[in-house]
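Right, one structure below, let's go through it.
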Amino acid sequence: MNVILLGAPGAGKGTIAKLLTDFDGSVQISTGDILRGAVQAGSELGKQAEVFMNTGDLVPDQLIMDIMESRLQASDCQNGFLLDGFPRTMPQAEALKALLSKIGMQLDIAVNLKVSREVILDRLATRRTCSNAECQAIYNVKSNPPKQAGICDKCGSPLIQREDETEKAISHRLKVYNEKTAPLIDFYDAEGLLLSLDATSSDAVISAIKTRLGGGLG
Ligand code: AMP
């Protein structure tokens, strides 16, 4: 399946993407994970992206499109892709449309995950992320704590609170989301691709996506 996951920071895009990959081997592509990996590696891309990311601002569209142009043409995308955190601006959505048509791929749906501001603030402030760039596993100190406090269950690296998940940065990211990303909901609605869902329960979200896409998802 070729799916875009839309939704504010903390809406659960990554969680839903991980659950969906199990159905048909579609690959999760998170621009946030790619960028954080680049920052940790100290690459040129990472250096350019870091200043925007730390304040909760968006990285310039051209940098993102350069990443996605090659990523979407990698062989693992042939089984399908789940776009988590991309596109995030109207220019990115337009550029994605042109890119997919150029490489002969089609979107199946754009899922809009809706959650209240209170839930988002609570989820993000209690979220902890594995500091290992290769892992980036996500925990929640309340709802999904690691077995040993502060340590990743999967790889044993320390867990951190991301710099962009402090209360100040979260408020700014929500403002940026409302200004730059929320307009994509109307864009995909006009394209006939939108599926808007209450994202409080991941099980309900997965089942609604399966229903919309019909058979073939096991
Ligand atoms: P995320 O983990 O998706 O919330 O992304 C973390 C940060 O990476 C965002 O706050 C942005 O600074 C940057 N970022 C991720 N994806 C994009 C994108 N599609 N466009 C611009 N900036 C992005």
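We did not get these values from a lab; they are worked out from the coordinates using the rules stated. Worth saying up front: this structure is predicted, and the values here are computed from it rather than measured. In this analysis, Cβ positions are derived from the backbone assuming ideal geometry, glycine residues included, and neighbour counts consider all displayed protein chains.
Find the all-direction average of the projected area of the Cα convex hull for the chain, expressing the result in square nanometres with one decimal place.
One quarter of the hull surface, i.e. the mean projection, equals 11.6 nm².
How big is region 174-218 in terms of Cα radius of gyration and Dmax, in angstroms?
13.1, 38
Kindly provide the Kirkwood hydrodynamic radius of region 24-64 in Å, to one decimal, from all pairs of distinct alpha carbon atoms.
10.8 Å is the Kirkwood radius here.
Along its principal axes, what span do the Cα atoms of region 70-122 show, with the longest given first and each in whole Å?
40, 24, 19
More than 22 angstrom separation, counting every C-alpha pair in region 77-194; what % is that?
Everything past 22 Å amounts to 50 percent.
Between ALA182 and GLN161, what's the calculated FRET efficiency when r is the beta-carbon distance and R0 is 41 Å? Round to 0.05.
Efficiency, from the Cβ-Cβ distance: 0.95.
Name the residue, out of ALA169, ALA93, ALA190, whose mean-square fluctuation peaks in a Gaussian network model built on the chain with Cα pairs under 10 Å.
Residue with maximal mean-square fluctuation among ALA169, ALA93, ALA190: ALA190.
Between ASP189 and LYS47, how many nm apart are label points set 7 Å from Cα along the C-beta direction?
4.4 nm
In Å, the Kirkwood hydrodynamic radius of region 1-74 over pairs of distinct alpha carbons?
Evaluated on region 1-74, it is 13.5 Å.
Report Rg (one decimal) and Dmax (nearest whole number) for region 134-195, counting Cα atoms only, units Å.
In order Rg, Dmax, the Cα atoms of region 134-195 give 17.0, 47 Å.
Once each part is reduced to its C-alpha centroid, what is the distance from region 128-187 to region 10-35 in angstrom?
14 Å
Just add up the charged neighbours of GLU191: K/R +1, D/E -1, any other residue whose Cβ is under 13 Å from the Cβ of GLU191.
With Lys, Arg at +1 and Asp, Glu at -1, the neighbours total -3.
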